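A quick write-up on the structure given underneath.
The values are calculated or read from the model by the stated rules, or taken from the named source; none is laboratory data. Model, not experiment: these values are computed from the prediction. For neighbour counting, all protein chains shown are included, and Cβ atoms are generated from backbone atoms with ideal geometry for every residue, glycine included.
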């Protein structure tokens, strides 16, 4: 796992583009995925240190993808951040149970993203 690598997983191409651009400007190597299944595959190949993942996506949602990522035989597990357009308090327990480390409301503000980046 490399903390200089970030994976953005979201089926909303505008969100992916904006977040990717932000992280690249902050100096990170960024990969993207458009659904949960693709996200799981990219985690295995790209080995990011941080994964920002939407919850509601086609093929495999963020909950399923997070659970699968947590079972992968990786040297180190990435830090998983859920991106939710829902009221977080209503789904917080389900999100954490799925294996996410943190939850952000969508759209995430640049200050929130920088705060997470500064932790690493």
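All conditions in (1) at pLDDT below 90; (2) surrounded by 13 or more Cβ atoms within 10 Å (Cβ to Cβ) hold for residue 93, with the sole exception of (2). Within the range 82-97, the set of residues being within 16 Å of residue 10 (Cβ to Cβ) and either without any contact (Cβ under 8 Å) to a residue 24 or more places away in the chain or not in a strand (DSSP E or B) (or both) comprises 85, 86, 95. Only residues that are at pLDDT 90 or above and either at positive phi or part of a loop (DSSP other than H, G, I, E, B) (or both) were counted in the range 98-120, giving 4.
The number of residues in the range 61-81 being surrounded by 21 or more Cβ atoms within 10 Å (Cβ to Cβ) and touching a residue at least 40 places away in the same chain (Cβ under 8 Å) comes to 3. Here is the figure for the range 71-81: residues that are under 13 Å from the mean Cα position of the chain (by Cα) and within 15 Å of residue 41 (Cβ to Cβ) total 1. Got at least one residue in the range 38-49 being under 22 Å from residue 114 (Cβ atoms), under 12 Å from the mean Cα position of the chain (by Cα) and modelled with pLDDT of 95 or more? Scanning the range 38-49 turns up at least one residue that is under 22 Å from residue 114 (Cβ atoms), under 12 Å from the mean Cα position of the chain (by Cα) and modelled with pLDDT of 95 or more. In the condition set (1) in contact with a helix residue (DSSP H, G or I) (Cβ under 9 Å, 6 or more places away or on another chain); (2) farther than 16 Å from residue 97 by Cβ; (3) free of Cβ contacts under 8 Å to residues at least 40 places away in the same chain; (4) surrounded by fewer than 24 Cβ atoms within 10 Å (Cβ to Cβ), residue 58 is compliant with all but (3).
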